[in-house]
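A.B. asks: This is the structure I want to talk about, given as structure tokens.
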Amino acid sequence: MLEEVTTLEDVHNLASDEDVQKWKDAIAQYLTQVQQTISLVELVRALDMPLIEVWLGLLLGGFILEQRGEFYSKGDIWIIA
């Protein structure tokens, strides 16, 4: 049975078996190197990581995200360096 996820703590608990800190560190290191705003798609490509790992790393890492365009388009999500 699926559990309901309603809080940030629930998300952390679901991700506890994953190496979220590694994902956050990889993102932070890359953003420090490029020092510019980058799209989610470009970041996934540059890090050569699965989209879900990058997305969770961004959300749980407190990075600044900006939506530019359609809500459901991953190409319109930008990370502010």
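The values are calculated or read from the model by the stated rules, or taken from the named source; none is laboratory data. Everything numeric in this text was worked out from a predicted model, so none of it was measured. We place every Cβ from the backbone using ideal geometry, glycine too, and count neighbours over all the protein chains shown.
A.B. asks: Can you pull out the residues in the range 47-81 that are aliphatic (A, V, I, L, M) and exposed (fewer than 14 other Cβ atoms within 10 Å of the Cβ)?
C.D. replies: Leu51, Ile52, Ile64, Leu65, Ile80, listed by residue number.
A.B. asks: From the set of residues in the range 30-39 that are under 11 Å from Ile79 (Cβ atoms) and part of a helix (DSSP H, G or I), which is farthest from the chain's Cα centre (by Cα)? Walk me through how you get there before you give the answer.
C.D. replies: Within the range 30-39, the subset under 11 Å from Ile79 (Cβ atoms) is 30-31, 34, 36-39.
Still in the running and part of a helix (DSSP H, G or I): 30-31, 34.
Values: Tyr30: 13, Leu31: 12, Val34: 16 Å.
Only one residue fits best here, namely Val34.
A.B. asks: I'd like to check something: does the range 40-55 contain any residue that is in a helix (DSSP H, G or I), aromatic (Phe, Trp, Tyr) and either out of contact with any helix residue (DSSP H, G or I) (no Cβ under 9 Å at 6 or more places or on another chain) or at pLDDT 95 or above (or both)?
C.D. replies: No, that holds for no residue.
A.B. asks: Give the residues of the range 56-81 that are of a type in the set (Lys, Arg) and part of a helix (DSSP H, G or I), sorted by residue number.
C.D. replies: From the range 56-81, those of a type in the set (Lys, Arg) are 68, 74; that's our starting set.
Across the range 56-81, the qualifying residue is only Lys74.
A.B. asks: If we keep just the residues of the range 1-39 that are of a type in the set (Val, Ile, Thr) and either touching an Asp or Glu at 6+ places or on another chain (Cβ under 6 Å) or modelled with pLDDT of 65 or more (or both), which is surrounded by the most Cβ atoms within 10 Å (Cβ to Cβ)?
C.D. replies: Selected residue: Ile27.
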